[in-house]
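Asker: Provided herewith is a single structure, encoded as structure tokens, for subsequent inquiry.
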Amino acid sequence: MPFISLQSFLPVLSPQPLRICHSFRQPTNISPQCSLGTSNQTSSSHLPTTSIPTFSPTPITPITFRGRTIHVKRDDLLQFAGITGSKLRKFYSLLSKTTFENADFLISYGGAQSNAMLSLAHLCKYHNVPFLYVTRPVPSNLRNSPGNFNRALHAGMHHIQIQNSQFRTFFTDLPPNQIQPLIQSFLQTHAPSFSEKSSLFIPQGGAWPGAEQGIEILAQEIRVQIQQLRHNHALVNKLPIIFLPCGTGTTAFYLQKHLEHIAKVVAVPVSGDERYLVKQMRWLQSSVTHDPSSMKTSPFPDILRPRIRASFADVRPDKFRIWQEMSRSTHDEFQFDLIYAPKAWEEVMMALEEGILGNGGQDIMYYHTGGVEGNVSMLGQFFFLSFSSLPLK
Ligand SMILES: *Cc1c(COP(=O)(O)O)cnc(C)c1O
């Protein structure tokens, strides 16, 4: 079975409702109980949207790949104030003018080249608030090499670098809602000038319930576009499959939640394996089901169990080849990113060719998460690979 059905992993709901912090806003008095989490903050549809800019829907472009039509939802075209692609969906709710009414700065943590980091840096620049970002030790040349880290520093990011062991203690070993109450003590040690101020904490990769609002809008766009495509006979009358590359799985989780009975979302693990995705999605799930009125469990995406066991952002000839093939199939009208997209396409094409996926004649759609702006630094590595693999010996 190449699929993991998430339903089978669902924990038995305990009679004691889970207490999960929803706002991730630092309470003035730190309480491990996450006093700011109230139930109506969990439902994205209840959040005020008036002060947030609206964007027109991104198009769906059909391309032919290996004889098959793939409908590409073009969020690579989405950008606002330097926040791009699916990250603009995930951080959409943070564009609200009210975001920093109760917080003086934003703090997050994760990888030193992360797309989420760069988007958060731009978000903070947009709101004119400080952005603190915590990483493990980074190589000293990273600061000046072209890439997300360098660009985030230029956008004003304050970088805090801590030892691996500390990073693990504070961030990796704990679920995001348990990190929140520790932030104050972390700041006292690592950024004392911020320790008296109140923070807005965003978990790694933007994996938090606030991501739902923007992804719900994405789902609404797709819903309308599917209807239009059906009307024009460009789609058959079956539940289409939408596949997408996943980091934390946040986008896939909320997309499926809001496309129930409209599409089947297929999540392809890219940075992390299927077990990590399951864990993340279960956490997102538990952070909404604590509210007894919304006990109904949302549908989960299918998770494709990857065949290619390769590290994140790896530089493999096969990956570069499929990326070139993908670029040709768009007639160079648009591009795909070199980290997430090729891995997702490799896995999904194998599954389609073997009939594991789409054997009911469903239409196939791809959610283009963006990230193309990172290609400059990745292309360098792929060119290096193509030269170093020439038979020069
Ligand atoms: C962040 C990112 C993803 C992963 O999104 P998740 O919601 O964390 O799964 C995929 N593609 C691109 C280009 C990204 O920047």
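Every number in this text was worked out from the coordinates using simple rules, so none of it is lab data. From a predicted model like this one, the values you see are computed outputs, not experimental measurements. Backbone-built Cβ (ideal geometry, glycine too); neighbour counts: all protein chains shown.
Asker: Taking the Cα centre as origin and putting +1 on Lys and Arg beta-carbons and -1 on Asp and Glu beta-carbons, what dipole magnitude results for the range 298-341, to the nearest 20 debye? Mind showing how you got there, number by number?
Answerer: Details: 7 positive and 7 negative charges, 65 e Å.
Rounded to the nearest 20 debye, it is 320 debye.
Asker: Report the label-to-label distance for Gln324 and Glu101 in nanometres (one decimal), using points 7 Å from each Cα along the Cα→Cβ vector.
Answerer: With each label placed 7 Å out from Cα toward Cβ, I get 5.5 nm.
Asker: Would you please give the residues with an amide H less than 5 Å from that of Phe65, counting only those at least 5 places away or on a separate chain, with H modeled from the backbone geometry?
Answerer: Correct list: Ile70.
Asker: So if I take the centroid of the Cα atoms in the range 113-140 and the same for the range 141-158, what is the distance between those two points in Å?
Answerer: Going from one Cα centre to the other spans 9 Å.
Asker: So if R0 is 41 Å, what FRET efficiency would His233 and Asn128 give, r being the distance between their Cβ atoms, rounded to the nearest 0.05?
Answerer: On the way: r = 49 Å, r/R0 = 1.21.
Approximately 0.25, to the nearest 0.05.
Asker: Just how far, in whole angstrom, is the range 197-255 from the range 321-350 if you go by their alpha carbon centroids?
Answerer: After rounding, the separation between the Cα centres reads 20 Å.
Asker: Can I ask one more? What's the ranking of 212-219, 87-94, 65-72, 53-60 by average number of surrounding C-beta atoms within 10 Å, highest first? Kindly include the intermediate steps, with their values, before the conclusion.
Answerer: Numbers: 212-219: 23.9, 87-94: 25.9, 65-72: 16.1, 53-60: 13.6.
The peptides rank, most packed first, as 87-94, 212-219, 65-72, 53-60.
Asker: Another one. How do 267-275, 133-141 rank on mean C-beta neighbours within 10 Å, highest first? Write down the numbers at each step before the final one.
Answerer: Working: 267-275: 20.6, 133-141: 14.9.
Ranking, from highest mean packing down: 267-275, 133-141.
Asker: Between Asn177, Phe167, Ala121, whose Cα lies farthest towards the positive end of the dipole of the range 95-180 when Lys and Arg beta carbons carry +1 and Asp and Glu beta carbons carry -1, centred on the Cα centre?
Answerer: Of Asn177, Phe167, Ala121, it is Ala121.
Asker: From Cα pairs below 8 angstrom and at least 6 apart in sequence, can you work out the relative contact order of the range 326-373, rounded to a whole percent? Intermediate results must be reported in sequence, preceding the final value.
Answerer: Working: 21 pairs, mean separation 21.3, N = 48.
Once divided by the residue count of the range 326-373, the mean separation gives 44 percent.
Asker: On average, how much area does the Cα convex hull of the range 241-333 cover when viewed from any direction, in nm²?
Answerer: On the way: hull surface 29.3 nm².
So the Cα hull casts an average projection of 7.3 nm².
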